[in-house]
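The values are calculated or read from the model by the stated rules, or taken from the named source; none is laboratory data. Predicted, not measured: the structure shown is a model, and the values here were computed from it. Here the Cβ is made from the backbone with ideal geometry for all residues, glycine too, and neighbour counts use every protein chain on show.
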Amino acid sequence: MDGVYNLPKKHLNGRVFFSIPDLQLLTPEKYLDCIKLLKPLFKVSDFRDITPGFYINYIKDADVPNGGLRLNYYTANATETIKAIDNYANENSEKIVLFKRENADTNKPLEEYNDGNSEKELRFRNFLNVNTQIVLDVFENFEQPFRALVYYYRHFLLPNRISPELVFEPTFSKYSDVFRKLKNASLDTYYWKDLIYYHGENRVGLHFLVNMVAVDENYTYDPRFFEENWFL
């Protein structure tokens with residue numbers, strides 16, 4: 001993965017859920033620990049070479065009442081991606097537990113992979129992938145201040161018509177190699193547009209940034225935020 005908007009059309013989506021062993025509730029704080037425990041997986045060649053994208057989020061709902069880290073993966077070979085994830089989970093079972101699977105269909109022939117055929121959906125998934133890579137970079141050296149910045153933007157600066165680029169660009173440029181690659185390829189404009197964009201089905205770009213860093217959010221967004229003349 002080189003950090004640009006380049007997911008192949010021929011891929012499948014699957015997801016797995018992680019927590020920490022013997023933990024009754026995966027709180028947002030423990031979810032952040034879970035991210036650190038999972039990061040080495042993304043550098044394993046068996047995963048990286050056949051999984052061109054993924055995104056991470058914190059989830060706690062009726063289906064996952066105790067909370068979990070959900071890893072959505074976009075795979076070019078479901079069998080191999082699943083094998084790499086399972087191997088990593090088994091090798092690190094004392095630290096992290098894979099407790100639920102909603103895997104991609106391993107019976108589907110590679111030539112029939114088609115999750116990226118929809119241009120709108122492919123745009124959304126490219127955004128999710130890039131957003132995840134940027135946050136992972138920033139978290140290396142700027143986790144807590146960045147979480148505070150995201151919270152402040154969502155609840156105070158966005159309603160006051162301040163663009164996300166003005167707020168986040170300095171931090172991304174300083175701490176994220178992925179963002180710098182994006183900018184060098186003149187693709188950062190896609191990211192800023194997608195961050196404040198209604199992708200359909202209640203999928204607001206900014207929500208996935210707020211959720212990934214695990215800060216409080218009212219998921220109801222004022223429709224004016226998505227108007228072309230909203231930002232000053």
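Here 154, 161, 147 are screened, and the one residue that is over 19 Å from residue 232 (Cα atoms) and either assigned by TED's automatic domain parsing to the domain that holds residue 32 or among the basic types (Lys, Arg) (or both) is 147. Within region 135-185, the residues that satisfy the criterion of being hydrophobic (A, V, I, L, M, F, W, C), within 20 Å of residue 4 (Cβ to Cβ) and free of Cβ contacts under 8 Å to residues at least 60 places away in the same chain are 138, 168, 172.
Checking each residue in region 104-123 for being surrounded by fewer than 19 Cβ atoms within 10 Å (Cβ to Cβ) and of a type in the set (A, V, I, L, M, F, W, C) picks out 110, 122.
From the list 164, 159, the one residue that fits, being exposed (fewer than 15 other Cβ atoms within 10 Å of the Cβ) and more than 23 Å from residue 68 (Cβ to Cβ), is 159. Per the listing 59, 20, the residue uniquely in contact (Cβ under 8 Å) with a residue 40 or more places away in the chain and out of contact with any Gly (no Cβ under 7 Å at 6 or more places or on another chain) is 20.
Within the set 203, 101, the sole residue that is out of contact with any Asp or Glu (no Cβ under 8 Å at 6 or more places or on another chain), farther than 21 Å from residue 10 by Cα, of a type in the set (Lys, Arg) and in the same structural domain as residue 40 (by TED's automatic domain parsing) turns out to be 101. Set side by side, the residues 95, 108 differ, and just one is assigned to a loop (DSSP other than H, G, I, E, B), in contact (Cβ under 8 Å) with a residue 60 or more places away in the chain and under 15 Å from residue 26 (Cα atoms), which is 95. The C-beta contact set for region 199-226 (first residue closer than 19 Å to residue 32 by Cα, second residue in a loop (DSSP other than H, G, I, E, B) and among the charged types (D, E, K, R), distance under 6 angstrom, 6+ apart or interchain) comprises 210/217. Can you pull out the residues in region 112-134 that are outside any loop (DSSP other than H, G, I, E, B) and either without any contact (Cβ under 8 Å) to a residue 60 or more places away in the chain or among the hydrophobic types (A, V, I, L, M, F, W, C) (or both)? Selection gives 112, 119, 121, 122, 124, 127, 128, 130, 134.
Those helices (runs of 4 or more DSSP H) of region 138-224 in which at least 3 residues are of a type in the set (Lys, Arg), considering only elements entirely within it, cover 177-184.
Specify the residue that is surrounded by the fewest Cβ atoms within 10 Å (Cβ to Cβ); the eligible residues are those in region 75-84 that are in contact with a helix residue (DSSP H, G or I) (Cβ under 8 Å, 6 or more places away or on another chain) and within 23 Å of residue 122 (Cα to Cα).
Once the filter is applied, the top-ranked residue is 80.
For region 24-44, indicate whether the set of residues that are at pLDDT below 95, in a loop (DSSP other than H, G, I, E, B) and either aliphatic (A, V, I, L, M) or in the same structural domain as residue 69 (by TED's automatic domain parsing) (or both) is non-empty. Checking region 24-44: at least one residue is at pLDDT below 95, in a loop (DSSP other than H, G, I, E, B) and either aliphatic (A, V, I, L, M) or in the same structural domain as residue 69 (by TED's automatic domain parsing) (or both). For region 57-74, a tally of residues being within 25 Å of residue 123 (Cα to Cα) and either out of contact with any Lys or Arg (no Cβ under 7 Å at 6 or more places or on another chain) or not β-branched (Val, Ile, Thr) (or both) returns 8. Taking the criterion of being part of a loop (DSSP other than H, G, I, E, B) and in contact with a His (Cβ under 6 Å, 6 or more places away or on another chain), the only residue of region 45-78 that qualifies is 76. Tell me, please, whether a residue that is over 20 Å from residue 128 (Cα atoms), at pLDDT 95 or above, assigned to a loop (DSSP other than H, G, I, E, B) and β-branched (Val, Ile, Thr) can be found in region 79-86. Within region 79-86 (the criterion being over 20 Å from residue 128 (Cα atoms), at pLDDT 95 or above, assigned to a loop (DSSP other than H, G, I, E, B) and β-branched (Val, Ile, Thr)), the answer is no, since none of the residues qualifies.
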